[in-house]
Amino acid sequence: MIAALPSSTDVLIVGAGIAGASLAAALAPHRGVVMIEAEDMPGRHATGRSAAFWHESYGGAGVQPLSAASFAVLDNPPPEFSDRGFLLPRTALTLGRHDEASAVDAFVAEFSAKDVDVTRLAGAQVARKIPGLRPEWTEAAYEPACRDIDVGALHAAYLRAARRAGATVVTRAPLTAARRAGDGWEVQTGAGTIRAALIVNAAGAWADEVAAACGVTPLGIRPLRRTVLQLRLGVPVPADLPLVVHVGSEFYFKGESEGRIWLSPHDETPSPACDAAPDEIDVALAIDRLQSVVDWPIAMVERKWAGLRSFAPDRMPVFGADGREPAFIWCAGQGGVGIQTAPAISALLAAELGAPAPYGAIGAIDPASFAPTRFA
Ligand SMILES: Cc1cc2nc3c(=O)[nH]c(=O)nc-3n(C[C@H](O)[C@H](O)[C@H](O)COP(=O)(O)OP(=O)(O)OC[C@H]3O[C@@H](n4cnc5c(N)ncnc54)[C@H](O)[C@@H]3O)c2cc1C
């Protein structure tokens, strides 16, 4: 049954992807929460299209503390949240050609300094990790702590926890306009009108559009398209193949099941906020790049999809109260790490909104470096 839109709430969260759902779960035990979603179900956009990995160094040193702080909740959640963890075994290799040795060295130095478990490999040590690797790929950094994330289960657990704590989730309810009324907001949606003390903008690729519809100055959040292919190979590449990420950002791939991989050309094509679809040129580019790395014959492109990763101008997540409009809260710009950072971002933002960390302490992260006021 589709929930009806209540007439008022403390906090109105716009967007029911992983950002909105994780925050709703954290806030709902303490505040009245309504979450509105434009689509007919939560998770249709970036959250439902990810490559589903937790990779501590991914996204750069600035977001690494958020990924690290999220690990415990993802790996071993408290029983009141989930009776099982959301992580599955994986490892990671950051890979370079012979002439990219110094880039791999710099990568290892940067993340070792942040206590990431990363080991420098070269030559035969690299070849042993990837069957069929072409000879020029001799440089790598190995991270044993990488994991796959069961994104569907994690998103569903957040939605379940939010509803159990009293949050209302209303689908087919796009925010179309909002204006200040008294102490809060009067919000028009596709499912009716609602009053709210606070609006949280967790609208992913639409974050700037939602801000504009509320009369708030957009921050310059840019959606960039990212393509992923599932390939069936003509060789039995093992399912536990590491996540292999090019040190120069030209591709990543990981084992999906025996003889199958997920592959991305690491594309970042500017896009309007939309239902993103893969472009054939990116599919071809992905395959071309893969074939320069390994000698695997490709039997079939079994699936392909694209999604929008959204970035603030400095490519760091943005969460916290807007600088000019304190009743408008941003939770956007998670780029390519929105799943693996959701536990930390939701806990930090909930704390800022007066709710204690929901599933244990999240560590000493200063949320100031992620505040929207840095763009003032
Ligand atoms: C191909 C790809 C691979 C990725 N791989 C990984 C990975 O391996 N690990 C990782 O951690 N991250 C990964 N990411 C990034 C991750 O998917 C995102 O950072 C994360 O899903 C963002 O979540 P979100 O809730 O902000 O956005 P979304 O999931 O897009 O949710 C935003 C929601 O807001 C709704 N909405 C928009 N406008 C309105 C409105 N006006 N009113 C109401 N609702 C509205 C939308 O319908 C949407 O459901 C990947 C992303 C892509 C595209």
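Each value in this text was obtained by applying a stated rule to the coordinates, not by laboratory testing. Given the structure is predicted, the values throughout are model-derived calculations rather than measurements. Methodologically, a virtual Cβ is constructed for each residue, glycine included, from the backbone with ideal geometry; neighbour enumeration extends over all protein chains shown.
Things worth noting here:
- Estimated [θ] at 222 nm from DSSP helical runs (n ≥ 4, -39500 (n - 2.57)) normalised by residues in the chain, nearest 500: -7000 deg cm²/dmol
- Sorting C331, C274, C146 from the fewest to the most surrounding beta carbons within 10 angstrom yields C274, C146, C331.
- Listed by chain and number, the lysines whose alpha-carbon sits under 16 Å from that of K304, ignoring those within fewer than 8 places in the same chain, are K254.
- The share of alpha-carbon pairs in the chain lying farther apart than 35 Å comes to 25%.
- Each of S67, P77, M41 was scored by the projection of its Cα onto the charge dipole of region 37-95, and the greatest displacement toward the positive side belongs to S67; charges sit on the C-beta of Lys, Arg, Asp and Glu.
- Look at the dipole of the chain built from charges on Cβ: of G320, A51, T168, the Cα furthest out on the positive end belongs to T168.
- The angle between the Cα long axis of helix 151-164 and the main principal axis of the chain comes to about 20°, on a 0 to 90 degree scale.
- Distance between region 41-71 and region 156-221 - C-alpha centres, whole angstrom: 22
- Counted by Cβ distance under 15 Å from T119, the other residues give a net charge of -3, where Lys and Arg count +1 and Asp and Glu count -1.
- Tensor-based shape of region 145-231 (alpha-carbon gyration tensor, a/c under 1.5 rounded, otherwise prolate or oblate): oblate
- Dipole magnitude of the chain about its Cα centre (Cβ charges: Lys, Arg +1; Asp, Glu -1), debye to nearest 20: 640
- Percent antiparallel among DSSP beta bridges (both partners in the chain, rounded to 5): 75
- Taking Lys and Arg as +1 and Asp and Glu as -1, the other residues whose beta-carbon sits under 10 Å from that of I2 total 0.
- Given charges at Cβ of Lys, Arg, Asp, Glu: region 1-150 dipole, positive-most of F111, A141, A4: A141
- Counted over all Cα-Cα pairs of region 191-341, pairs farther apart than 22 Å make up 50 percent.
- Panel values: region 267-315, Kirkwood radius from alpha carbon pairs, Stokes-Einstein at 4 °C and 1.567 mPa s, translational diffusion coefficient 100 µm²/s.
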